[in-house]
Structures are given as C-alpha cells and as structure tokens.
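Novice: Shown below is the structure under consideration.
The values are calculated or read from the model by the stated rules, or taken from the named source; none is laboratory data. Just so it is clear, the structure is predicted and the values come from calculations on it, not from any experiment. Cβ atoms come from the backbone with ideal geometry, glycine included; neighbour counts cover every protein chain shown. These accessible areas exclude ligands, DNA and RNA; they are computed on the full protein's heavy atoms, side chains included. Shrake-Rupley method; radii C 1.70, N 1.55, O 1.52, S 1.80 Å.
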Amino acid sequence: MIGAVVLAGRPNTGALAGLGPEGSEALIEIVGRPMLAHILEALAACAELDPICVVGPVTALSPWVDGRRVIAVPAGATLTENVRRGVAALAGRRWALILTSDIPLVRPQTIEEFLAHCDRQGARFFYPIVPRACYEQRFP
C-alpha cells in the first residue's frame, strides 16, 4: 500500500482569494464542491492508496475525513513542515504520494499511471508536477 498526503493548509489569501470566501484554498468550490472533495474522490478510487492524509485546518476539513482511510493532520507553519507531518501520519508506509489541494481535475487513471511509472523507476518519494503548457494543452 502507498500512503497519500494532500497538502491543504494554504490560507485563501493568495491568487485564488477572489474565487470565494473560504478560509482555505482547498475549500474553494469548483462545480459545487470544494477542490479538496474532487481530489479525495480521485484518490479514494485508487485501491492501492491507504491511508489518505489531509494536512490542513482540521476542523474545516472534518466533513471529508472519515478517520479510517482519510485522516486529518493539523497544518504547520511551512510547506516542508506540512509534508513532514503528513508523511509521519502514514504509519510507516514505504511510499508516499504527495499532492497539493489545488488540482481538482486530477483523475484516478492519471494517479494510477503515475504510480506505476514511479514503481518502474524505483523511486521512494512521489511528487507529481505537470508543466503548465501540458496542462493548458489538455484543459484549454
């Protein structure tokens, strides 16, 4: 099994602040649901991911946390600290998939293909990065 960490601790004070009044970027609504809900749905469809750890404002995240497969961890002061907290909550999983909370268009198939590619490469730490040009070509 691979553990997943969703970084959802960024306050809604940056470039996305005009999109909604939510206190956290992860909770900005896209098509009637928070970005985080879209990401968790995609991750939940990947059977090899367990647990899924969301690092962010625990109280605000509670509607999407079940305490079994999806767990919440309070956010720290920095991105690095949030990654560390999330990985520490994975109960010793050998591999960790790290995602940000601002990718609501991610699909289970994309995640599974990425994990399979990483497995073939022998990597132990996964952080998917998609170049902007590729993203805009696929989703104009």
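Novice: Rank-order 25-31, 36-42, 1-7, 74-80 by packing density, defined as the average count of other C-beta atoms within 10 Å over each peptide's residues, highest first.
Specialist: On the way: 25-31: 19.0, 36-42: 21.1, 1-7: 22.9, 74-80: 13.1.
My ranking of the peptides, most packed first, is 1-7, 36-42, 25-31, 74-80.
Novice: Here's another thing I want to ask about it. Looking at the chain as a GNM with Cα springs under 10 Å, which of L43, L90, L105 has the largest mean-square fluctuation?
Specialist: L105
Novice: May I ask you to evaluate 6.51 cos²θ - 1.76 cosθ + 1.60, the Karplus curve with θ = phi - 60°, for each residue of region 43-49 and list the ³J(HN,Hα) values in order in whole Hz, giving x for glycine and proline?
Specialist: 5, 5, 7, 9, 4, 7, 9
Novice: Dipole magnitude of the chain about its Cα centre, charges +1 at Lys/Arg Cβ and -1 at Asp/Glu Cβ only, in debye to the nearest 20? If you can, show how the numbers build up before the last one.
Specialist: Details: 13 positive and 13 negative charges, 72 e Å.
Taking the Cα centre of the chain as origin, the dipole is about 340 debye.
Novice: Starting from the amide H of T100, placed 1.01 Å from N in the peptide plane, find each other amide H under 5 Å away whose residue is 5 or more places distant or on another chain.
Specialist: For T100, the qualifying residues are L7.
Novice: Charges only on Cβ, +1 for Lys and Arg, -1 for Asp and Glu: so what's the dipole of region 1-72 about the Cα centre, in debye to the nearest 20?
Specialist: In debye, rounded to 20, region 1-72 gives about 80.
Novice: Can you give the accessible area per residue of the chain, in Å², using a 1.4 Å probe? Write out the running numbers ahead of the final one.
Specialist: Details: 8020 Å² over 140 residues.
Per residue, the chain has an accessible area of 57 Å².
Novice: Using the Karplus equation 6.51 cos²θ - 1.76 cosθ + 1.60 (θ = phi - 60°), what ³J(HN,Hα) coupling, rounded to whole Hz, does each residue of region 69-74 give in order, writing x for Gly and Pro?
Specialist: 7, 10, 10, 10, 10, x
Novice: Which value, in Å² and to the nearest 10, is the accessible area of F139 when all protein chains are kept and the probe is 1.4 Å?
Specialist: 80
Novice: Given the chain, what percent of its DSSP beta bridges are antiparallel, to the nearest 5? Don't jump to the answer; show the numbers that get you there.
Specialist: Details: 3 of 20 bridges.
Counting DSSP beta bridges with both partners in the chain, the antiparallel share is about 15 percent.
Novice: In the chain, what percent of the accessible surface is made up of carbon and sulfur (1.4 Å probe, ligands and nucleic acids excluded)? Don't skip to the answer; put the middle values down first.
Specialist: Numbers: 4510 of 8020 Å².
Carbon with sulfur: 56 percent of the solvent-accessible area.
Novice: Any idea which of T13, V70, A89 is furthest toward the positive side of the dipole for the chain, if Lys and Arg beta-carbons carry +1 and Asp and Glu beta-carbons -1?
Specialist: Of the options given, the answer is A89.
Novice: Tabulate in residue order the Karplus-calculated ³J(HN,Hα) for region 92-98, using 6.51 cos²θ - 1.76 cosθ + 1.60 with θ = phi - 60°, rounded to whole Hz; enter x for Gly and Pro.
Specialist: Each residue's phi maps through the Karplus curve to give x, 4, 5, 10, 9, 9, 10 Hz.
Novice: Simple spin-label model, 7 Å along Cα-to-Cβ: R33 to R68 in nm?
Specialist: 1.9
Novice: Quick one: grab the alpha carbon gyration tensor of region 37-93, order the square roots of its eigenvalues as a ≥ b ≥ c, and give me rounded if a/c is under 1.5, else prolate or oblate depending on whether a/b is larger than b/c. Walk me through the numbers before you get to the answer.
Specialist: Working: a/c = 1.85, a/b = 1.27, b/c = 1.45.
Oblate is the answer for region 37-93, as a/c is 1.5 or above yet b/c matches or exceeds a/b.
Novice: Please work out the C-alpha center-to-center distance from region 1-61 to region 65-112 and express it in whole Å.
Specialist: 9
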